[in-house]
Amino acid sequence: MPHINDFTGKRVHMIGIGGSSMNGLALMLKQRGVIVSGSDSSESYTTRALKEQGIRVSIGHYEKNVPGADLIIYSAAISTENPERAEAARLGIPQMERAELLGQLMEGYRHAINVCGTHGKTTTTSMIAAVLLDAGIDPTVHIGGQLDCIGGSTRVGSHETFVVEACEFNASFHQFHPTIAVVTNIEEDHLDFYKDLDDICRAFGKFFSLLPEDGCCIGNGDDPEVLREMEKLTCETQTFGFGENNNWRPMNLTYDDHGCASFDAAKDGKTVAHISLHVPGEFNVMHALSTVAACVKVGAAPDAIADALARFAPPHRRFEHTGTVCGVELYTDYGHNPAEMASALENASKQPHGRLFAVMQPHTYSRVKTLFDGYIHCCDLADEILITDIFAAREKDPGDIHSTMLVDAIKKTGKSVHYTPTFDACEKFLRANWQPGDLVITMSCGNIHLLNAQIQAHGDEYSF
């Protein structure tokens, strides 16, 4: 099995290099002295940024991109039928999946903080990274989003602390080497890969078992599935949440007019730090609690943690305010399963607004089918719901699921819902119906954020 340490000065070719994880890994490899090239199916801001860093990126997957490479890195979405993987196999060039590479990169760190969970991973990982950076701990970071304080999705720091988002899709996190696991929640998702919730729990349990005896698992104590798996561990465990049985709890909790929380982060009843957040919502209270726990564990000073959290700005596409058009506030959020969308709308509902417009871009056919009932009510807080066509991502249309099925199901609940298949259809409806003071939030991990960019580019005077 190849190891990335053996490829300094050699060429590594990355298939799917523009992806949220892959583009950051490409930059990390370049900093380690690896000659990096890559390909992606379409041009994006990430592929352009990589080119600006001197990395050769080809748009489209072609056999001609492979000869001369010493190692192929591919993401889980790239099948063996991909022409570049097939050509690499024909030429006998070794291949490595993205998660295996990430696991190799974190080997040898004293503290390898792995943030896992069905949702909340990116924000929590970003919080921990931002706090440790401000606290002078100089972390190496890899997240699945763009965080301004580290200048992107990765940062190479000292060989002491590695902060990484540990994704359960395809059981990727089983390739990692955690010393501290932070667990946001365990719920149903990725049911195209997992059989059911029990199967997902087993996968998380196997990940927890990778912790060493002197490691620590910091888990959501309000989540029964997390607790059940943590109880099997022999290493140190800490819980966080609102329930009285948790080690870490938010005491004296209050919210301001925008839904931003202030509270005392208390461990076993003793206040450790007073936290004031400038990001809204109950979920961010949980993210902040786990961040305090993890950062205290690696030696950050409580005052430094509090100061950093007060300044924390979330990664892009995590309840991100993108602009104002016609007096309407535009937000976008990466949420793509029902729980994440409901959370984003909870945050949106706490902002000053007239009517609340939710634009949902369903993500992958398999997710819509397996979580269909959850999608029906995830936008209940919205006054108007717009649903685009399903974003296929890595999948092919099976022909048995369509966005109009969601529209019909939601309509039966009495909600005002509209099938707006394209960005133009969405924008046309919004401009015909919004009023100054309204709020629009677009939601998906597909390309729905580009709708915000389109609306803002057209400006106040645009009409269809």
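Quick notes on this structure:
- Of the candidates Pro139, Pro178, the single residue that is more than 19 Å from Glu340 (Cβ to Cβ), touching a residue at least 40 places away in the same chain (Cβ under 8 Å) and not polar (S, T, N, Q) is Pro178.
- For Pro436, the test of being at pLDDT 95 or above, more than 25 Å from Gly18 (Cα to Cα) and assigned to a loop (DSSP other than H, G, I, E, B) is passed.
- Selection from segment 1-21 of residues that are touching an Asp or Glu at 6+ places or on another chain (Cβ under 7 Å) and among the β-branched types (Val, Ile, Thr): Val12, Ile15, Ile17
- From Ile15, Ile73, Ile35, Ile55, residue being outside the structural domain of His142 (by TED's automatic domain parsing), more than 18 Å from Glu107 (Cβ to Cβ), in contact (Cβ under 8 Å) with a residue 60 or more places away in the chain and in contact with a strand residue (DSSP E or B) (Cβ under 6 Å, 6 or more places away or on another chain): Ile15
- Test set (1) outside the structural domain of Ala112 (by TED's automatic domain parsing); (2) farther than 20 Å from Ile150 by Cα; (3) out of contact with any Asp or Glu (no Cβ under 7 Å at 6 or more places or on another chain) - Ala344 fails condition number: (3)
- So Val182, is it more than 24 Å from Asn284 (Cα to Cα), buried (at least 16 other Cβ atoms within 10 Å of the Cβ) and of a type outside the set (Lys, Arg): no
- Across segment 149-194, the number of residues qualifying as touching an Asp or Glu at 6+ places or on another chain (Cβ under 7 Å) and either outside any loop (DSSP other than H, G, I, E, B) or under 18 Å from Cys217 (Cα atoms) (or both) comes to 4.
- Restricting segment 350-362 to residues that are modelled with pLDDT of 90 or more, of a type outside the set (Phe, Trp, Tyr) and farther than 15 Å from Phe391 by Cα, the residue that is surrounded by the most Cβ atoms within 10 Å (Cβ to Cβ) is Ala358.
- Only a single item in (1) within 20 Å of Asp383 (Cα to Cα); (2) crowded, with 17+ Cβ neighbours inside 10 Å is not met by Gly446, and it is number (1).
- Of all residues making up segment 442-462, the number that are of a type in the set (Phe, Trp, Tyr) and within 22 Å of Arg367 (Cα to Cα): 0
- The set of residues in segment 256-297 being in a loop (DSSP other than H, G, I, E, B), out of contact with any Pro (no Cβ under 9 Å at 6 or more places or on another chain) and crowded, with 17+ Cβ neighbours inside 10 Å consists of Gly281 alone.
- Cross-chain or 6+ apart pairs with Cβ under 9 Å, segment 116-136 first and over 19 Å from His174 (Cα atoms), then charged (D, E, K, R) and assigned to a loop (DSSP other than H, G, I, E, B): Thr123/Arg318; Ser126/Arg318; Leu132/Asp138
- Any hit, segment 319-332, residues being among the small types (Gly, Ala, Ser) and at negative phi: no
- Scoring Gly219 on the criteria (1) outside any loop (DSSP other than H, G, I, E, B); (2) of a type outside the set (Lys, Arg); (3) over 22 Å from Gly103 (Cα atoms); (4) modelled with pLDDT of 95 or more leaves a single failure, condition (3).
- The set of residues in segment 381-431 being among the basic types (Lys, Arg) and touching a residue at least 60 places away in the same chain (Cβ under 8 Å) consists of Arg394, Arg431.
- Count of segment 62-90 residues which are assigned to a loop (DSSP other than H, G, I, E, B) and touching a Pro at 6+ places or on another chain (Cβ under 7 Å): 1
- Index of the failed condition, Ala77 passing every other in (1) at pLDDT below 95; (2) in contact with a Lys or Arg (Cβ under 6 Å, 6 or more places away or on another chain); (3) buried (at least 24 other Cβ atoms within 10 Å of the Cβ): (3)
- When Pro315, Pro338, Pro280 are checked against the criterion of being in contact with a helix residue (DSSP H, G or I) (Cβ under 6 Å, 6 or more places away or on another chain), more than 25 Å from Ile113 (Cα to Cα) and at pLDDT below 95, a single residue qualifies: Pro338.
- Output for segment 24-61, where each listed residue is of a type in the set (Gly, Ala, Ser) and either in contact with a helix residue (DSSP H, G or I) (Cβ under 8 Å, 6 or more places away or on another chain) or assigned to a helix (DSSP H, G or I) (or both): Gly24, Ala26, Ser37, Gly38, Ser39, Ala49, Gly54, Ser58
- The residues in segment 380-427 that are under 12 Å from Gln361 (Cβ atoms) and not aliphatic (A, V, I, L, M) can be counted, and the count is 9.
- Single residue of Thr140, Thr154, Thr179 found to be within 23 Å of Phe240 (Cα to Cα) and not small (Gly, Ala, Ser): Thr179
- Selection status of Leu227, outside any helix (DSSP H, G or I) and surrounded by 16 or more Cβ atoms within 10 Å (Cβ to Cβ): no
The values are calculated or read from the model by the stated rules, or taken from the named source; none is laboratory data. Worth saying up front: this structure is predicted, and the values here are computed from it rather than measured. Cβ coordinates were reconstructed from backbone atoms using ideal geometry, including for glycine residues, and neighbour counts include every protein chain displayed.
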